[in-house]
């Protein structure tokens with residue numbers, strides 16, 4: 001008669017469940033880190049867009065001695081550049097009443113707060 005200890009080797013249900021739980025936890029950590037990396041990348045794109053628009057606004061001021069009423073008034077700026085990445089929000093452009101200065105900003109996703117640039121003229 002054979003002993004019970006000579007059963008064929010294999011994994012028990014408990015061992016399989018433990019492995020599945022560990023894999024699920026690791027997958028959750030990886031997905032969370034990946035989401036944060038994507039949010040930071042979109043924030044970097046927002047900063048780059050704001051800096052590019054800021055440059056266009058300063059060139060506009062150099063040519064016209066005033067800032068535009070709206071970003072759509074910039075001749076060399078593609079309208080798609082005004083839409084923030086991964087959402088339908090546009091960047092916020094707030095000119096002064098006499099168009100002698102402005103604030104340009106975007107809400108950041110991975111960090112709390114906004115990224116903004118002010119006019120170089122600063123009147």
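Every residue, every condition in (1) at pLDDT 85 or above; (2) surrounded by 14 or more Cβ atoms within 10 Å (Cβ to Cβ); (3) touching a helix residue (DSSP H, G or I) at 6+ places or on another chain (Cβ under 6 Å); (4) more than 21 Å from residue 41 (Cβ to Cβ), yes or no:
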| residue | (1), (2), (3), (4) |
| --- | --- |
| 72 | no, no, no, yes |
| 95 | yes, yes, no, yes |
| 100 | yes, yes, no, yes |
| 112 | no, no, no, no |
| 115 | yes, yes, yes, no |
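Taken together, 57, 104 contain a single residue that is buried (at least 17 other Cβ atoms within 10 Å of the Cβ), under 17 Å from residue 121 (Cα atoms), at pLDDT 90 or above and in contact with a helix residue (DSSP H, G or I) (Cβ under 7 Å, 6 or more places away or on another chain), which is 104.
Do we find a residue being exposed (fewer than 13 other Cβ atoms within 10 Å of the Cβ), at pLDDT below 90, more than 30 Å from residue 102 (Cα to Cα) and under 19 Å from the mean Cα position of the chain (by Cα) anywhere in segment 21-31? Yes, segment 21-31 contains at least one residue that is exposed (fewer than 13 other Cβ atoms within 10 Å of the Cβ), at pLDDT below 90, more than 30 Å from residue 102 (Cα to Cα) and under 19 Å from the mean Cα position of the chain (by Cα).
Could you list all residues from segment 62-102 that are touching a strand residue (DSSP E or B) at 6+ places or on another chain (Cβ under 8 Å) and closer than 18 Å to residue 48 by Cβ? So that I can check it myself, show each step before the final result.
Filtering segment 62-102 for residues touching a strand residue (DSSP E or B) at 6+ places or on another chain (Cβ under 8 Å) gives 67-71, 82-84, 89-96, 101-102.
Of everything in segment 62-102, those that are touching a strand residue (DSSP E or B) at 6+ places or on another chain (Cβ under 8 Å) and closer than 18 Å to residue 48 by Cβ turn out to be 71, 82, 83, 84, 89, 90, 91, 92, 93.
The values are calculated or read from the model by the stated rules, or taken from the named source; none is laboratory data. Owing to the predicted nature of the structure, the values given are computational and were not obtained by experimental measurement. Note that we place each Cβ from the backbone using ideal geometry, even for glycine, and neighbour counts take in every protein chain shown.
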